[in-house]
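As structure tokens, the structure follows; a few thoughts come after it.
The values are calculated or read from the model by the stated rules, or taken from the named source; none is laboratory data. Here the structure is a predicted model, which is why all the values come from computation and not from measurement. Cβ atoms come from the backbone with ideal geometry, glycine included; neighbour counts cover every protein chain shown.
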């Protein structure tokens with residue numbers, strides 16, 4: 001049953017958000033997309049901080065925004081909680097008083113609001129911080145208190161706008177685990193999570209919506225989107241290579257006519273827009289054109305090298321006059337393989353011509369995002 005229903009158009013000078021979405025009660029949906037895709041604008045409309053040019057927002061049967069009838073419930077009366085990158089705590093109040101602020105605004109007495117604040121501070125493992133002012137808190141501690149404040153108001157919808165982005169490398173994983181325990185495993189929390197981190201989506205979200213240029217380009221269960229992406233951004237955030245084209249017998253044909261051999265999904269009609277997806281770990285790299293088992297063999301010019309844990313990621317560029325879709329393809333190889341790929345007596349460097357080879361069995365062809 002639909003719990004949250006939104007249709008909205010927000011026009012800006014050089015950008016228009018035009019989306020429709022539905023969220024079930026207790027569902028956590030991750031909103032992914034590149035910078036400028038409209039993610040924070042979407043949350044602003046839901047929170048009541050932005051008025052859409054055209055649109056309607058309904059939450060749990062209550063109309064919050066309707067441009068057709070002039071309805072616009074102000075932000076503080078929406079029962080919507082917001083946790084942003086910055087904690088935005090009231091600097092003159094203690095942590096406990098910050099958390100109690102929401103319940104007090106809902107009409108609870110001081111004693112009951114204090115009890116609720118103590119409960120939520122305990123839930124986010126911040127009871128010891130109750131008497132501190134925001135200036136006395138680290139970034140991670142402040143975000144814990146801000147999460148407790150957002151939940152203490154018992155919102156019908158929780159909006160998480162990149163809540164881990166401003167945290168340091170040590171505080172981030174701790175806060176992610178906390179969100180999973182308090183929000184993911186909570187009693188029916190309904191939430192939208194804006195993030196650039198695929199791990200946040202995997203750990204927290206039931207479903208993923210991908211925004212690009214203000215529109216929804218793909219959506220589905222988290223595992224499906226991140227293992228079978230149909231848009232360039234979803235493939236990039238999932239760490240996969242993606243080639244666009246149309247389905248053809250035995251794989252995908254790119255715009256300039258190259259056949260990328262692969263396993264075609266049963267839902268991909270012949271000649272329909274499609275994408276071929278494969279992991280960088282499936283790409284073998286050679287100095288000379290390889291021969292042997294059937295595979296996709298691509299001539300590339302090395303654009304860059306990046307460390308990836310114990311591996312090295314090689315980024316491809318197009319050979320002069322070659323197809324542009326080669327640019328950005330990645331291969332993950334060992335440091336020993338990098339050494340072997342270098343010219344005699346020298347190191348492998350950007351500009352070198354290489355061959356990327358991928359077995360057809362490693363390539364999956366799916367219908368493209370609209």
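For this structure, a couple of remarks:
- Inter-residue pairs, beta-carbon under 8 Å, first assigned by TED's automatic domain parsing to the domain that holds residue 107 and farther than 23 Å from residue 107 by Cβ and in the range 64-79, second at pLDDT 90 or above and assigned to a loop (DSSP other than H, G, I, E, B), 6+ apart: 65/48; 65/51; 65/52; 65/73; 67/51; 67/52; 67/53
- Selected residue [without any contact (Cβ under 8 Å) to a residue 60 or more places away in the chain, touching a helix residue (DSSP H, G or I) at 6+ places or on another chain (Cβ under 7 Å) and either outside the structural domain of residue 273 (by TED's automatic domain parsing) or buried (at least 17 other Cβ atoms within 10 Å of the Cβ) (or both)] from 210, 203: 203
- Total residues in the range 322-370, condition under 14 Å from residue 296 (Cα atoms) and without any contact (Cβ under 8 Å) to a residue 12 or more places away in the chain: 0
- Tabulated pairs, the range 118-143, first assigned by TED's automatic domain parsing to the domain that holds residue 84 and free of Cβ contacts under 8 Å to residues at least 12 places away in the same chain, second surrounded by 17 or more Cβ atoms within 10 Å (Cβ to Cβ) and assigned to a helix (DSSP H, G or I), C-beta under 6 angstrom, 6+ apart or interchain: 127/121
- The lone criterion from (1) touching a residue at least 40 places away in the same chain (Cβ under 8 Å); (2) in contact with a helix residue (DSSP H, G or I) (Cβ under 7 Å, 6 or more places away or on another chain); (3) not in a strand (DSSP E or B) left unmet by residue 233 is number (2).
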